[in-house]
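Structure record follows, encoded as structure tokens.
The values are calculated or read from the model by the stated rules, or taken from the named source; none is laboratory data. Fair warning: this is a prediction, and the values are worked out from it, not measured in the lab. All Cβ positions, even for glycine, are placed from backbone atoms using ideal geometry, and neighbour counts span all protein chains on display.
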């Protein structure tokens, strides 16, 4: 796995804090002719928050977080609807050829919540945005590239909220599941058994994997394993919080290579 400014030019723009001259779809020329400066100003306003944490998401991480989606949605609902705690998602998420930038904050007992959400492809081509800030009195300014081929306002809203929700759940999975993270300092190279990881950017990258929750079936015949995620109450630094853990429902005869989390529990 290699990340560089050549493979992901948008990360160079993030590092410099300026979108500069952006590539744009032909279909979006009218929008950027009239509102290009408005778009870039909103991005720049939040760019420091986008830069504070750069995560590279692996496919196994995506698959594992989907299994935990129900529990994570319940917890997010508790934060957002029941006003139970402060909650924020800030940073950049690299997923395949797409790059998501988010500045989202809920403050307990306050109404000045903030949402800034941008989607680019890895070259820096703008795909979507959503700005919604009660603090700055901006109400739900959404935009989706015409190149996507969706024109209905409700469909645009649904797509952007779906992608926004995905990133929020990835952050929650990272926070509450204590997943395995490889920290790649700027201009660094790390080698492990499975892969070589190279970071040719000036940004610190967090590579998120799900080996922590992966159980390998060495011999598939003779047994079946099913399981589920659960939010387990846990006391941390004197305060009660929740940790996402994997619970095995049942096992039949066979040999299993336990996930690292499970190996720790059985030692």
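Structural remarks
- Test for residue 131: is it in contact (Cβ under 8 Å) with a residue 12 or more places away in the chain, out of contact with any helix residue (DSSP H, G or I) (no Cβ under 7 Å at 6 or more places or on another chain) and either surrounded by 20 or more Cβ atoms within 10 Å (Cβ to Cβ) or not assigned by TED's automatic domain parsing to the domain that holds residue 72 (or both): no
- On inspection, residue 40 does not qualify as assigned by TED's automatic domain parsing to the domain that holds residue 9 and in a loop (DSSP other than H, G, I, E, B).
- Scanning region 89-139 for residues that are assigned to a strand (DSSP E or B) and more than 18 Å from residue 160 (Cα to Cα) yields a count of 1.
Yes/no matrix, rows are residues, columns are (1) modelled with pLDDT of 95 or more; (2) at positive phi; (3) surrounded by fewer than 20 Cβ atoms within 10 Å (Cβ to Cβ); (4) touching a helix residue (DSSP H, G or I) at 6+ places or on another chain (Cβ under 7 Å):
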residue: 2; (1), (2), (3), (4): no, no, yes, no
residue: 5; (1), (2), (3), (4): yes, no, yes, yes
residue: 8; (1), (2), (3), (4): yes, no, no, no
residue: 12; (1), (2), (3), (4): yes, no, yes, no
residue: 17; (1), (2), (3), (4): yes, yes, yes, yes
residue: 22; (1), (2), (3), (4): no, no, yes, no
residue: 31; (1), (2), (3), (4): yes, no, yes, no
residue: 34; (1), (2), (3), (4): yes, no, yes, no
residue: 51; (1), (2), (3), (4): yes, no, yes, yes
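- Test: residue in region 51-59 that is part of a helix (DSSP H, G or I) and within 22 Å of residue 180 (Cα to Cα): yes
- Every residue from region 60-85 that is outside any helix (DSSP H, G or I) and out of contact with any helix residue (DSSP H, G or I) (no Cβ under 8 Å at 6 or more places or on another chain): 81, 82, 83
- Qualifying positions in region 146-184 - surrounded by fewer than 17 Cβ atoms within 10 Å (Cβ to Cβ), within 17 Å of residue 114 (Cα to Cα) and in contact with a helix residue (DSSP H, G or I) (Cβ under 9 Å, 6 or more places away or on another chain): 165
- In region 163-180, the residues that are touching a residue at least 60 places away in the same chain (Cβ under 8 Å) and on the phi < 0 side of the Ramachandran plot form Cβ pairs under 6 Å with partners that are surrounded by fewer than 22 Cβ atoms within 10 Å (Cβ to Cβ) and assigned to a helix (DSSP H, G or I), at six or more places apart or across chains, as follows: 179/212; 180/211; 180/212.
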